[in-house]
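Since every read-out is calculated from the coordinates, none of them should be taken as a lab result. All of these numbers come straight from a predicted model, not from anything done at the bench. Don't worry about glycine lacking a Cβ; one is built from the backbone with ideal geometry, like all the others, and counts go over all protein chains shown.
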There are 2 protein chains.
Amino acid sequence: MYTCSLERMTDKIETFSRFGDAGHGGITRYTLSEADIAARNEFVKRMEKIKAIIEYDDVANVYATIQGTDPDAKRIVMGSHTDSVKNGGNYDGILGVMSAMEVLETVVEKDIPHTHPLTAMIWTNEEGSLYPPAMMVSGIVCYDYLPESIKEKFKYENMLSSVSVLDPCDTFKDALERSGFKGDAKNRLNPDSYESMFEIHIEQGPILEDAGKNIGIVDCVLGMFNYRLRFYGQTVHAGTFPMNKRQDALFAASQAICHLHKEIDALGYPELVYTTGEIVCHPNVHTCVPDYVDFCIDVRHESAQVLDKVLSIVKGCAEKEWAGCNCEVEKMWNRDTVYWDKTLFTYAKEAAEEVDSSHMVVHSGAGHDAQFAAYMIPTTMLFVQSKDGLSHCEPEYSTPEQCTEGATVLLNAVLKADKS
Amino acid sequence: MYTCSLERMTDKIETFSRFGDAGHGGITRYTLSEADIAARNEFVKRMEKIKAIIEYDDVANVYATIQGTDPDAKRIVMGSHTDSVKNGGNYDGILGVMSAMEVLETVVEKDIPHTHPLTAMIWTNEEGSLYPPAMMVSGIVCYDYLPESIKEKFKYENMLSSVSVLDPCDTFKDALERSGFKGDAKNRLNPDSYESMFEIHIEQGPILEDAGKNIGIVDCVLGMFNYRLRFYGQTVHAGTFPMNKRQDALFAASQAICHLHKEIDALGYPELVYTTGEIVCHPNVHTCVPDYVDFCIDVRHESAQVLDKVLSIVKGCAEKEWAGCNCEVEKMWNRDTVYWDKTLFTYAKEAAEEVDSSHMVVHSGAGHDAQFAAYMIPTTMLFVQSKDGLSHCEPEYSTPEQCTEGATVLLNAVLKADKS
């Protein structure tokens, strides 16, 4: 049993929190931005210090590798992303990169024997905040292995021409070219050179905190679907049109949101989550009755049967009239539950027990690059407790001790995988 | 009794519908845009043809005046606006300008005797679509006469620096300077030179159509208030945060909209109208529970007592918790019911009877420039039936016969005012 260094991990957290510092406790670090490049340079500097070999692939993923005793063995890779959402926190993504660095640094410092080469990796553009979609680059790299329904969303040419949300003249391809991090496609993560993958991430929910556990051993990424409900009414003047003749699309959508909560809650599945996070209203003027409103509903649960029950409630909305408006229901995307590799999951669980970490088995509700990697090579994930369950916001926080404990569990899980 | 020309009115409707033609039956004619300047030039051309004197004031209002027999008499003015909302129709505003032109053309053609000078007028920027707010220029011109609560919204310097919604480098002042329609402040509508004002407008509601009447004799502009309800929740990840711990600001707002409909409808006032036309959602991302939503509610009724009852329901929202979110209620603006000048109203009603127009007395739910003018000089309004009650949209329609009938009632009402 080996342990990572609290002092070194704390120094990494403090250092990386400066790259993209937005001035009030969090960061904005869009992929391949100046701030992201500074974070990547820091990664390279620290990995070169322990004599890791640095490689780049054609989509700017970075790989830092230390050799093992068997020169022919496949690599074991650990990684996550350095980019953030706008006004994000200091842990989402970067914790997985810092933990991978910490594992390699500990292995080198303590001269821990291992057979396989061990790699710390940075995934490019996980958030997709500047160049949508999210998980863009893992979609590109794992493309051949993705289910058909997911594949179509990640066509290479479409991804390269993804336009910046801030600058219509700037594409992801432009960002790649000017980043200085574009390397060779032959360096991409692939099943011939890599045996398995680990990703450690903050939980982004309150389950661990509520249970008083520091570490989550993740068994799966929840299945989910995203549908859009569209309501069609008629724009009329707010001051002149009698109420009983109106077709108010916002009132319609409000009724539907309340209806969905009532019906879905009545199913009685405490682990089910669903969210209406995005709404569009037209013309969205205070003197006009809205003629068009849409919102999306994102639903997640491990069981396909439960998701089906919710889906029939969602689809049922199209059969009703809402405040005189018609409703259309359109599927945007869905995914089945992705289970992690059972063997790697067991290594992670055993490692947590051996290092006496307070831990429990949890699901991942959020998507991660590891989930696409899992279609290609055996993969698993670990979570670190998130204060108040917050993420994608500046107050995001895990203690240095929890972060270091996560790195320690990761180290020992990787060493088990190395021995197998 | 005199009648206007169906042929000449039809020609005007066809001609003016070309200025800003958006290609599918309606227009986009922002104030002082190229399309609006073309419409203004057409007005000037036609008014010069009947030898009217053309004057411009410093906020680009245009006045075309034909003399009466008494050179010292005050003017009687008829007018409305040439600007439109985005993808508006061919009648809102411009009908009042065309009707004023038609009255002057009829008076000149038929050599109708009259004592007072008669003026056709174009108000600048009634819609406020490009440079908010609506009724900006009547707010400027009638500023000294406005109630204190309205005044603060229309400070001259603030109005001049109103920024284009399409171009952050362009202000209303810039538009005025480049328009070629900026004249002298001494030409502004004022109570020393003008005796009374008439505005004819499309109804923008279905009351006349449902009653089978062509012309509305308007008695007042309804009192109204506009409040904003703000809901404060917490952004958390859509996939990872348990439902029972969420503070979802969009669910909160949806519940509040349904609650407002239920409670306000229960008051049982059939003439009451209220609208939640505008909603803002933050961060408005499908994977995030919204942490902030606001919407506005616009409520209109003739009776201050009825408005007070609704207001107490609206304010009551701040005392409840909505889906774990706090609610704040903020007043944006309000106005009392503005009654038109009783004498002018009577002239309009008598004129409608004399020309055998099918008519009825109606309220105006919408605001118009005439409403600000009414604080300064005696003013009244006439409405022309709107097909299906539609306005601020491309299908807006009144028949040429209805439009000409409106002009005829206007002409005869003005002649009554001239004689008094």
- [ ] For B:E328, place a label point 7 Å out from Cα along the Cα→Cβ vector, do the same in each other copy, and report the separations in nm, one decimal, smallest first.
- [x] 3.8
Task: Residue pairs, from the table B:K45/B:K155; A:K245/B:K12; B:K342/B:K419; B:K151/B:K342; A:K245/B:K262; A:K262/B:K262, whose Cα atoms sit over 23 Å apart - done: B:K45/B:K155; A:K245/B:K12; B:K151/B:K342
Task: Residue and distance (whole Å) for the chain B Cβ nearest the axis that superposes B on A - done: B:S254, 2
Open item on the list: Whole-Hz ³J(HN,Hα) for each residue in segment B:331-347, computed from phi via Karplus 6.51 cos²θ - 1.76 cosθ + 1.60 with θ = phi - 60°, x for glycine and proline: what do you get?
Closed with: 6, 9, 6, 8, 8, 7, 4, 9, 8, 6, 4, 4, 5, 4, 4, 5, 4
Task: Estimated [θ] at 222 nm from DSSP helical runs (n ≥ 4, -39500 (n - 2.57)) normalised by residues in chain B, nearest 500 - done: -10000 deg cm²/dmol
Open item on the list: For A:F198, B:F16, which order do you get if you count the other beta carbons within 10 Å of each Cβ and list the fewest first?
Closed with: B:F16, A:F198
Task: Listed residues B:G268, B:G324, B:G180, most fluctuating in chain B (Gaussian network, C-alpha, under 10 Å) - done: B:G268
TODO: Please turn the phi angles of segment A:236-244 into ³J(HN,Hα) values with the Karplus equation 6.51 cos²θ - 1.76 cosθ + 1.60 (θ = phi - 60°), one per residue in order, whole Hz, x for glycine and proline.
DONE: 9, 6, 4, x, 10, 9, x, 4, 6
Task: Rounded to whole Hz, the Karplus (6.51, -1.76, 1.60) HN-Hα couplings of segment B:50-63, x for glycine and proline - done: 9, 6, 6, 7, 9, 9, 10, 9, 6, 10, 6, 5, 10, 10
- [ ] Please check which bits of segment A:98-119 a label hung off A:T69 would reach, taking the label as a point 7 Å along Cα-to-C-beta and the cut-off as backbone N under 13 Å.
- [x] A:112-117
Open item on the list: Among B:Q402, B:Q204, B:Q305, which one shows the highest mean-square fluctuation when chain B is modelled as a Gaussian network with alpha-carbon springs under 10 Å?
Closed with: B:Q305
Open item on the list: If the elastic network links every pair of Cα atoms under 10 Å, which of A:D144, A:D21, A:D83 fluctuates the most in the Gaussian network model of chain A?
Closed with: A:D144
Task: Values of log10 I(q)/I(0), in the order q = 0.08, 0.09 Å⁻¹, for the protein assembly as shown under a Debye, Cα-only, solvent-free model - done: -0.78, -0.89
Task: Residue order, fewest to most surrounding Cβ atoms within 10 angstrom, among B:Y91, A:Y339 - done: A:Y339, B:Y91
Task: Positive dipole terminus of chain B, leading residue within B:P400, B:C4, B:V355 (C-beta point charges) - done: B:P400
- [ ] Specify which residue in the list A:P270, A:N334, A:Y232 is farthest towards the positive end of the charge dipole of segment A:223-335, using unit charges on the beta carbon of Lys, Arg (+1) and Asp, Glu (-1), about the Cα centre.
- [x] A:Y232
Task: chain A, dipole about Cα centre (Lys/Arg Cβ +1, Asp/Glu Cβ -1), debye to the nearest 20 - done: 660
- [ ] Compare the Cα positions of A:S80, A:H114, A:G128 along the charge dipole of segment A:70-135 (+1 at Cβ of Lys, Arg; -1 at Cβ of Asp, Glu; about the Cα centre) and return the one farthest towards the positive end.
- [x] A:G128
Task: Rounded to 5, the percent of DSSP beta bridges in chain B classed as antiparallel - done: 70
Task: segment A:223-335, dipole about Cα centre (Lys/Arg Cβ +1, Asp/Glu Cβ -1), debye to the nearest 20 - done: 140
Task: Along principal axes, Cα extents of segment B:77-151, largest first, whole Å - done: 43, 33, 12
- [ ] Tell me the distances, shortest first, between B:K155 and the same position across the other copies, using label points 7 Å along Cα→Cβ, in nm to one decimal.
- [x] 5.5
Task: Two-site label geometry, B:E354 and B:E109: point separation in nm, points 7 Å out along Cα→Cβ - done: 2.0
Open item on the list: Suppose you put the label 7 Å out from Cα in the Cβ direction; list, shortest first and in nm with one decimal, how far A:H286 is from each other copy's label.
Closed with: 3.2
Task: Residue exposure sequence - B:H359, B:H24, B:H114 - by fewest surrounding Cβ within 10 Å - done: B:H24, B:H114, B:H359
